[in-house]
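I am attaching a structure below and will ask some questions about it afterwards.
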Amino acid sequence: MISLPKLKIFEITGTTCFELNITNEAIRVLVSNCSNLEQVIIHRAIHLTDVALETISSELSTSLRKLDISGCKRISDEGLRHLRCCQNLRDLETAQCALGFQAFINFCSPAKGTPPLRRLSVRGQIHQSDATVEVVMRALSTTIESIDISGCRALTDISLVHLASGVRLQEVRFAGCRFLTHEGISDFIQKVGMGLHVLNSGSCKGVEKSLLENILAYCPKLEALTTSADYLDDFAMRDVAKVKTAHVFKSVSISMTDRARPSELTDEGLRVFANKCLGRSLVTLVLTGLKNITTDGLLLACRHCIRLSHLDVRDTSVSIQRLFEEFLMTVGAQLWPALSRLLIDKPDRESLACSSSVGAVSTREKITREEIGRAAEERRHDLEKTMGRLDPVSQSSVEWQSLVATLRDRIKVVRPLVAFDIA
């Protein structure tokens, strides 16, 4: 193998449908010929064992800054002990690994000599407990800035007490930790909220309507928020509007955890929240499962978010036909000029039947082929700067094929505005 001493990053990833066959021997050959690697990212390698970690640690003990072994399920608790010699390691990702409490005893004990991690992910490790968080924070309380314990289902409020000892915490994710309570999360936010930039409390079931109000009140620097909509309604949003702290969010995700439960949040609540928290800096917006949110409500609340690039409105009442009409017919400033990804539901048969005719009637007015063609031609040069491609996930439906053909025919010489996926 050719020596590559200047190579800094090595990344190879599998998927849920394709696992990597990379072996321990392949890792040995790699690190022996790329001795200055700073980042090693290997996802879902089914044959990788502790031997690979031992090799990486010995060969890259001074250069390694980031190690991501997410989904490598043959790595054992003993394997993490080898990483203690990587004293420049700052980022360790072990999401979906089959590790237990002993793994972090091996890595963090004694506390003196533990690599000064700034980022740690144990996401999806269902065997971790409050004792794991205690051991980690005892060793890393002065260095850790970002921690992801999402999906560690056995954790309780005791873990949040330990996390609160982190003096430099900026990013905390504990989505899906089902035993966390409203009181525990609220107390944690009051203690560390001043420094938080990212908070993910999604799928935490034991929370009350006042949680969002508490988050906004105690986290003035928050830029990215993920929370559950199960406990939210329009009255909760009105209470949020009363919070005096101003926020500049770049990413907001409000989704229903229990899809069988009716959402109580409506267009009015979204409008109130948007007036308070959603401005021109918003880049990502996720509103999944909110069946009372309509196209009109979305446009009224978020039309001014000119930097919006990722929009997920699956399982809502937002209509793809209406959005496309708005993209092409909006007078003045273009609607969401930076939008590059739209995730939205497949239209129902009634909508498809309406859209398959050239002179389809929207909920507002009849928009003819000539009008759309004229508007598109007038705005062609602006549109082409941000256009993606129409690439539906499912091509099996005759009705969907008809809708795609109709949209392309309407838009004529102008390519579609965004790429979108159909749920």
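The values are calculated or read from the model by the stated rules, or taken from the named source; none is laboratory data. Note that the structure is a prediction, hence the values are computed from the model and not measured. Here the Cβ is made from the backbone with ideal geometry for all residues, glycine too, and neighbour counts use every protein chain on show.
Considering (1) touching a Lys or Arg at 6+ places or on another chain (Cβ under 9 Å); (2) modelled with pLDDT of 95 or more; (3) surrounded by 20 or more Cβ atoms within 10 Å (Cβ to Cβ); (4) hydrophobic (A, V, I, L, M, F, W, C), say which one M256 fails and leave the rest.
(2)
Let me ask something else. Go through the residues of the range 106-129 one by one and say whether even a single one is within 20 Å of A45 (Cβ to Cβ) and in contact with a Phe, Trp or Tyr (Cβ under 7 Å, 6 or more places away or on another chain).
no
What number of residues within the range 142-152 satisfy the criterion of being out of contact with any Leu (no Cβ under 9 Å at 6 or more places or on another chain) and of a type in the set (G, A, S)?
First pass over the range 142-152, keeping only residues out of contact with any Leu (no Cβ under 9 Å at 6 or more places or on another chain): 142, 150-152.
When the remaining residues are screened for being of a type in the set (G, A, S), the result is 150-151.
Of the residues in the range 142-152, 2 are out of contact with any Leu (no Cβ under 9 Å at 6 or more places or on another chain) and of a type in the set (G, A, S).
Does L282 fit the bill of being outside any loop (DSSP other than H, G, I, E, B), of a type in the set (A, V, I, L, M, F, W, C) and more than 17 Å from L232 (Cβ to Cβ)?
no
Inspect the range 77-87 for any residue being within 21 Å of L30 (Cα to Cα), among the aliphatic types (A, V, I, L, M) and part of a loop (DSSP other than H, G, I, E, B) and give the result as yes or no.
no
Taking the range 70-91, which residues are among the aliphatic types (A, V, I, L, M) and out of contact with any Pro (no Cβ under 8 Å at 6 or more places or on another chain)?
Within the range 70-91, the subset among the aliphatic types (A, V, I, L, M) is 75, 80, 83, 89.
I75, L80 - these are the residues of the range 70-91 that are among the aliphatic types (A, V, I, L, M) and out of contact with any Pro (no Cβ under 8 Å at 6 or more places or on another chain).
Go through (1) in a loop (DSSP other than H, G, I, E, B); (2) under 21 Å from P5 (Cα atoms) for R74 and report which single condition fails.
Unmet for R74, out of (1) in a loop (DSSP other than H, G, I, E, B); (2) under 21 Å from P5 (Cα atoms): (2).
Going by the structure shown, is T55 of a type in the set (S, T, Y), surrounded by fewer than 20 Cβ atoms within 10 Å (Cβ to Cβ) and closer than 21 Å to T13 by Cβ?
So T55 passes the test.
Look through A246, A175, A260 and report the one residue that is part of a loop (DSSP other than H, G, I, E, B), without any contact (Cβ under 8 Å) to a residue 24 or more places away in the chain and either in contact with a helix residue (DSSP H, G or I) (Cβ under 9 Å, 6 or more places away or on another chain) or not polar (S, T, N, Q) (or both).
It is A260.
While we're on this one: If you scan the range 98-134, which residues turn out to be of a type in the set (V, I, T) and within 27 Å of the chain's Cα centre (by Cα)?
V122, I126, T132, V133
Among the residues of the range 227-248, which ones are closer than 21 Å to S263 by Cα and either of a type outside the set (S, T, Y) or surrounded by fewer than 20 Cβ atoms within 10 Å (Cβ to Cβ) (or both)?
A229, D230, L232, D233, D234, F235, A236, M237, R238, D239, V240, A241
Among L99, L140, which is of a type outside the set (F, W, Y) and over 20 Å from H43 (Cα atoms)?
L140
Can you name the residue in the range 154-205 that is of a type in the set (K, R) and surrounded by fewer than 18 Cβ atoms within 10 Å (Cβ to Cβ) and, of all such residues, is farthest from T227 (Cα to Cα)?
For the range 154-205, the residue satisfying everything is R168.
Here's a follow-up. Among the residues that make up the range 268-279, is at least one of them of a type in the set (K, R), surrounded by fewer than 22 Cβ atoms within 10 Å (Cβ to Cβ) and part of a loop (DSSP other than H, G, I, E, B)?
Taking the range 268-279 and keeping what is of a type in the set (K, R), we get 271, 276.
Those left that are additionally surrounded by fewer than 22 Cβ atoms within 10 Å (Cβ to Cβ): 271, 276.
Narrowing the set further to residues that are part of a loop (DSSP other than H, G, I, E, B) leaves none.
No, the range 268-279 contains no residue that is of a type in the set (K, R), surrounded by fewer than 22 Cβ atoms within 10 Å (Cβ to Cβ) and part of a loop (DSSP other than H, G, I, E, B).
So the check is Cβ under 6 Å with 6+ separation or different chains; which pairs have a first residue in the range 122-142 that's assigned by TED's automatic domain parsing to the domain that holds T94 and under 17 Å from E93 (Cα atoms) and a second one that's assigned to a helix (DSSP H, G or I) and modelled with pLDDT of 95 or more?
From residues that are assigned by TED's automatic domain parsing to the domain that holds T94 and under 17 Å from E93 (Cα atoms), there are no pairs.
Go through (1) of a type in the set (D, E, K, R); (2) touching a Lys or Arg at 6+ places or on another chain (Cβ under 7 Å); (3) more than 18 Å from D157 (Cα to Cα) and name the single condition K205 misses.
(3)
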